[in-house]
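The values are calculated or read from the model by the stated rules, or taken from the named source; none is laboratory data. Remember, it's a predicted structure, so these values are computed and weren't measured experimentally. Positions of Cβ are generated from backbone atoms using ideal geometry, with glycine treated the same way; all protein chains shown enter the neighbour counts.
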C-alpha cells in the first residue's frame, strides 16, 4: 500500500482544492434540482464511457489494471497525442452539456463544475467496478496530460469532486448556507 501523499504534481494542480468554493461566488441564481439531477446522470454515464475508453487504452498498451506515471509518460508520442485529444474532447463535451443546462455564464460554470464532479468521481468508481483499480485511494494516477501530466493520488480528485458537487448542491438548494431568504436569516 502506498503512503499518503498530500500534494499533487505539478504544484499548481493543488490549487484545484479551491474549486468547491466557486459556486458560492458564481451567482445568486439557483439551478433547478431537476436539471442538476439530469446533469448528474449525464456525468455518471459519461464517467463510465471515460473509464471504458481508458480500460481499452490500458489493455492495448499492456497497462492493466492501473497506470504508473512513468509508463504513461513514456508511452509512444502518437498515443499521447490521441490521449491529449481525447481529454480535450472530454472537456469540450462537458462544456457543451453545461452550456445546455445553464442559463447565463455563471450558471453554466456551476453546471460545468457539477457535471465535471460527477464525471470525475464516477470515473474512478467505474474503474474500480470494471477492473478493480484503484486498489485504494492512495494509488497514484495521471489525472490529465494537458498541458503536462498532472499526477496525484486518487483521493485528491475524488475529494475535490465530492466537495464541488456538495457545494453546487447547497448553493442550488433553497435552504443552502448562503440563502438570504431562508427562515433563519429573515428579519422580523
request  = Would you check if there is a residue in the range 27-43 being at pLDDT 85 or above, touching a strand residue (DSSP E or B) at 6+ places or on another chain (Cβ under 8 Å) and either in a helix (DSSP H, G or I) or under 21 Å from residue 140 (Cβ atoms) (or both)?
outcome  = no
task = Specify which of the listed residues (122, 162, 156, 144) is surrounded by 14 or more Cβ atoms within 10 Å (Cβ to Cβ) and at pLDDT below 95.
result = 144
inquiry  = Testing residue 116 on (1) crowded, with 16+ Cβ neighbours inside 10 Å; (2) farther than 30 Å from residue 34 by Cβ, one condition comes back false. Which one is that?
reply    = (2)
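Report, by residue number, each residue of the range 97-119 that is more than 15 Å from the chain's Cα centre (by Cα) and either under 29 Å from residue 137 (Cα atoms) or modelled with pLDDT of 95 or more (or both).
none
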request  = Tally the residues that are within 18 Å of the chain's Cα centre (by Cα) and surrounded by fewer than 16 Cβ atoms within 10 Å (Cβ to Cβ), restricting the search to the range 25-55.
outcome  = 7
key: Within the range 1-20, considering residues that are assigned to a helix (DSSP H, G or I) and surrounded by 12 or more Cβ atoms within 10 Å (Cβ to Cβ), the one modelled with the lowest pLDDT   = 20
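Per-residue answers, yes or no, for (1) closer than 25 Å to residue 169 by Cβ; (2) modelled with pLDDT of 85 or more; (3) surrounded by 12 or more Cβ atoms within 10 Å (Cβ to Cβ):
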| position | (1), (2), (3) |
| --- | --- |
| 59 | no, no, yes |
| 63 | no, no, yes |
| 75 | no, no, yes |
| 87 | no, yes, yes |
| 95 | yes, yes, yes |
